[in-house]
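Shown next, in structure tokens, is the structure this report addresses.
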Amino acid sequence: MYQQKDFVLTIEGLTVSFDGFKAVNDVSLYIEEQEIRVIVGPNGAGKTTVLDLICGRTKATEGSIKFKGKELTKLKEHEIVHAGVGRKFQNPSIYEDLTVFENLELSFPRGKKVWGALTFSRDQEVIDKVNEIASMIFLEDKLDSQAALLSHGQKQWLEIGMLLIQDPELLMLDEPVAGMSVSERKQTAELLQKITKDRSILVIEHDMHFVEEIADKVTVLHQGQVLSEGSMEKVQNDPKVIEVYLGH
Amino acid sequence: MLQSKLRSLTPKNDVISFLILAAILLVALPLLFDIFRLNLIGKYLTFAFVALGLVLSWGLGGILSLGQGIFFGIGGYAMAMFLKLEASSPENTKIQSTPGIPDFMDWNQLTELPWFWEPFHSLGFTIFAIFALPALFAYIIGAAMFKRRVGGVYFAIITQAIAAIMTILVIGQQGYTGGVNGITDLRTLLGWDIRTDSAKYILYFVNSILLLATLVVAQYIRKSKLGRLLVAMRDSEDRVRFSGYDVANFKIFIFCVAGVFSALGGAMFTLQVGFMSPSLIGIVPSIEMVIFAAVGGNLSIFGAVYGALIVNWAKTILSESYPELWLFAMGGLFIAVVLAFPKGLAGIYESYVQPLLNKKFKSTQDK
Ligand SMILES: Nc1ncnc2c1ncn2[C@@H]1O[C@H](COP(=O)(O)OP(=O)(O)O)[C@@H](O)[C@H]1O
Ligand SMILES: [Mg+2]
């Protein structure tokens, strides 16, 4: 009981096996309210798969994922979203054929059923919210342009914005600054600091400068298992981590 | 606010296109052609209902069904069953060994009307069935496929297989369905003789107005958030799912809408042409229906109507003079559209005609 009160997300003994290959193997993770947690690890370590398991895209073979005391492994994807979990994909995935405004609007938490979508009306509340988020993600001038025309970094922001408008309590970002310029990275770090006020954030990232800037705590994943966990400094000086990163 | 909603629903270009189409269907064509030709055009237009459904499900939602003939058939047969029962009154059929049942049943030694024919004595039920049956059937297919995340090519092939099975069933169960000949010799609708020229005129207008109404419904769906969601699903289905939508439900919905549109077309076909047969519901007609939408432009609701008109007109001309060539011509047309004009006639109109019109419009406004 104690744990479930303190942690927003409690993952215990999480395992998934793809035809016998354990991409995630007995992983446990505890994430606190308003914490920014970064997962690092070499390619193929199972980082993306952990996010897939949390958001229901992949079904766990074993283990439990509790979000605010609610077991997620039994819920469908859209139910997990409604429970308050938002997820950004590794490759920016936005709706290229729609405008920036429409992209954000579709994530607005209303009219999520067939009938609701048919009768949805773009009222002042929606417009205000879209404008508010757009200025947070540095796209207030781009609301009417087609999303396909955005730069790679702007697409990443747009997807983050689509998550913010859902107002999730747990925000999961898979390599959010990949392909961004130095200045864009800086802006993104500021953005993440700004949005963590009312939520916890789980980020996968390679860029160590970026990790240093944002992380409260770092978890190192290696071959599907947690190798080390703690502050950036502690993890960086962990001999096991140095071995994995420099050993080959 | 209502006004702003209305405005976003009706962009200027769409209103103009709608008015032009209405003028063509309701004024120009009836003035230009005699009733024989007009009736033929009315028949072509019944396929526009199907093409319109395909614009929504395929163009907008990326769900390609190669079995829309199924739904055309459901609507067409429902209407035909009603009309057939009316034509098979005991007085009309007193020479049969069992008077009061459709003639083909009598020929097939049936002595009693099958139970599922009974409700089609009622026009009210028949009209209800024309909406409800295709929706139900599409729901069953859609739920079975989309909940399991079957899509794309697999979905197309399965719908095609269902169309083939339906055709075989209809042909095989001659006593219940009229078999390969279909249901023919339809005469009156609540006593009103639908074979006369005046009835054909009226039915042509009923059909055209119904088509225009269907266009309005399609436009509403297209411009609603649901329409944008369908486009979004085509771009990135996972993103939609992880934005809190149950993607399957939206696909099922639009597939049902496409099914109901097709059934309306089928029912109007039966009324105007006077029969319904398996030759209209199988694989080849189902693929033809996709071609109507593709030629018109699978993203354009107006294109669907012109596509159905033009391709059917070409088919009539060609199959009058070179019947064996039609299938080749159709295949060639499809390849040409896919390779050279992926947006169909609507795409050609948008990139060549509309800029010219806009320029003209602008320059006259400036003066
Ligand atoms: N759906 C799947 N089926 C089979 N193998 C998978 C699947 N998803 C991921 N994997 C495998 O699991 C491992 C971890 O992948 P991933 O989580 O994407 O790594 P990371 O994000 O850390 O680079 C990889 O070896 C990958 O090939
Ligand atoms: Mg990854």
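How would you rank B:Trp326, A:Trp157, going from fewest to most other Cβ atoms within 10 Å of each one's own Cβ? Present the calculation step by step, with values, prior to reporting the outcome.
Values: B:Trp326 17, A:Trp157 26.
Going from least to most buried by this count: B:Trp326, A:Trp157.
Using a basic spin-label model with each label point 7 Å from the Cα along Cα→Cβ, how many nm lie between B:Arg149 and B:Thr111?
5.7
Rounded to the nearest 500, what is chain A's calculated 222 nm mean residue ellipticity when only DSSP H runs of at least 4 contribute -39500 (n - 2.57) each, over all residues?
-11000 deg cm²/dmol
Leaving out same-chain residues fewer than 8 places away, which lysines sit with a Cα under 17 Å from that of B:Lys84?
B:Lys94
Would you mind checking region B:109-134 for residues with the amide N under 15 Å from a putative spin-label position 7 Å along Cα→C-beta of B:Asp185?
B:109-110
Which residue, chosen from B:Leu52, B:Thr167, B:Gln96, occupies the Cα position most advanced towards the positive end of the dipole of the protein assembly as shown, where the dipole is computed from +1 (Lys, Arg) and -1 (Asp, Glu) charges on Cβ about the Cα centre?
Checked the options; the winner is B:Gln96.
Run the Debye formula on the Cα coordinates of region B:77-130, all scatterers equal and no solvent, and tell me log10 I(q)/I(0) at q = 0.26, 0.28, 0.29 1/Å.
Here the Debye-derived log intensity ratios amount to -0.99, -1.09, -1.13.
What distance in nm lies between label points placed 7 Å from Cα along the C-beta direction at A:Asn237 and B:Leu169?
7.4
Please give, to one decimal in nm, the separation of the simple spin-label points placed at B:Ser122 and A:His152, each 7 Å out from Cα toward the Cβ.
With each label point 7 Å from Cα toward Cβ, the separation is 6.5 nm.
Per residue of B:223-233, how many C-beta atoms from partner chains lie within 10 Å of its own C-beta, taken as a mean?
6
Using only the Cα atoms, work out Rg/Rh for region B:269-359, with Rh taken as the Kirkwood radius, to two decimals.
1.04
With r as the distance between the Cβ atoms of A:Asn91 and A:Tyr30 and R0 = 25 Å, compute the FRET efficiency 1/(1 + (r/R0)^6) and round to 0.05.
Values: r = 29 Å, r/R0 = 1.15.
Calculated transfer efficiency: 0.30.
Net charge near A:Glu77, counting Lys/Arg +1 and Asp/Glu -1 over other residues with Cβ under 10 Å of its Cβ?
+1
Please compute the length gained on full extension between B:Ala336 and B:Gln96, using 0.36 nm multiplied by the number of residues separating them and subtracting their Cα-Cα distance.
Numbers: separation 240, 0.36 × 240 = 86.40 nm, distance 5.25 nm.
Taking B:Ala336 through B:Gln96 to full extension adds about 81.2 nm, to one decimal.
Mind checking the dipole of the protein assembly as shown: about its Cα centre, +1 per Lys or Arg Cβ, -1 per Asp or Glu Cβ, Debye to the nearest 20?
I would put it at about 1200 debye.
Could you tell me which residue out of B:Val216, B:Tyr201, B:Leu226 lies farthest along the dipole of region B:141-273 toward its positive end? Charges go on the beta carbon: Lys and Arg +1, Asp and Glu -1, centred on the Cα centre.
Positive-most Cα among the choices belongs to B:Leu226.
Putting +1 on Lys and Arg Cβ atoms and -1 on Asp and Glu Cβ atoms, find which of A:Leu75, B:Ala258, B:Leu40 reaches farthest to the positive end of the dipole of the protein assembly as shown.
Going by the Cα projections, it comes out as B:Leu40.
Would you mind calculating the gained length between A:His82 and A:Val182 on full extension (0.36 nm times residue separation, minus the Cα-Cα distance), in nm to one decimal?
32.6 nm
Starting from the alpha-carbon convex hull of the protein assembly as shown, give the projected area averaged over all orientations, in nm².
35.7
Give the order of A:Ile165, B:Ile281 when sorted by the count of other beta carbons within 10 angstrom, beginning with the fewest. Please report the intermediate quantities before stating the final value.
Details: A:Ile165 25, B:Ile281 28.
The fewest-first ordering by Cβ neighbours comes to A:Ile165, B:Ile281.
Which pairs break 27 Å Cα to Cα here: A:Lys155/A:Lys197; A:Lys66/A:Lys112; A:Lys88/A:Lys142; A:Lys59/A:Lys240; A:Lys59/B:Lys223; A:Lys47/A:Lys76?
A:Lys59/A:Lys240; A:Lys59/B:Lys223
What Kirkwood hydrodynamic radius, in Å, does chain B give when the mean of 1/r is taken over all pairs of distinct Cα atoms and then inverted?
Hydrodynamic radius (Kirkwood, Cα only) of chain B equals 21.6 Å.
Only four residue types carry charge here, +1 at the Cβ of Lys and Arg and -1 at the Cβ of Asp and Glu. Report the dipole size of region A:135-247 about the Cα centre in Debye, rounded to the nearest 20.
Dipole size: approximately 40 debye.
For peptide A:112-123, how many partner chain Cβ atoms fall within 10 Å of a residue's Cβ, on average?
Taking all residues of A:112-123 together, the mean is 6.
FRET efficiency for A:Glu212 and A:Gln124, Cβ-Cβ distance as r, R0 = 56 Å, nearest 0.05?
Working: r = 41 Å, r/R0 = 0.74.
Between A:Glu212 and A:Gln124 the formula returns 0.85.
Take B:Ile158, B:Ile209, A:Ile36 and order them by how many other Cβ atoms sit within 10 Å, fewest up front.
Final ranking by Cβ density, sparse to dense: B:Ile209, B:Ile158, A:Ile36.
In Å, the Kirkwood hydrodynamic radius of chain A over pairs of distinct alpha carbons?
The Cα-based Kirkwood calculation yields 18.8 Å.
With only Lys, Arg, Asp and Glu charged, each at its Cβ (+1 for the first two, -1 for the last two), find how big the charge dipole of region A:4-246 is about the Cα centre; round to the nearest 20 debye.
600
Using only helices, what value at 222 nm comes out for chain B when you add -39,500 (n - 2.57) per DSSP H run of length 4 or more and divide by the total residues, to the nearest 500 deg cm²/dmol?
-22500 deg cm²/dmol
A short reminder: the numbers here are calculations on the coordinates, not readings from a lab. What you are looking at is a predicted structure, and each value in this text was computed from that prediction instead of being measured. Note: ideal-geometry Cβ built from the backbone for every residue, glycine included; neighbour counts use all protein chains shown.
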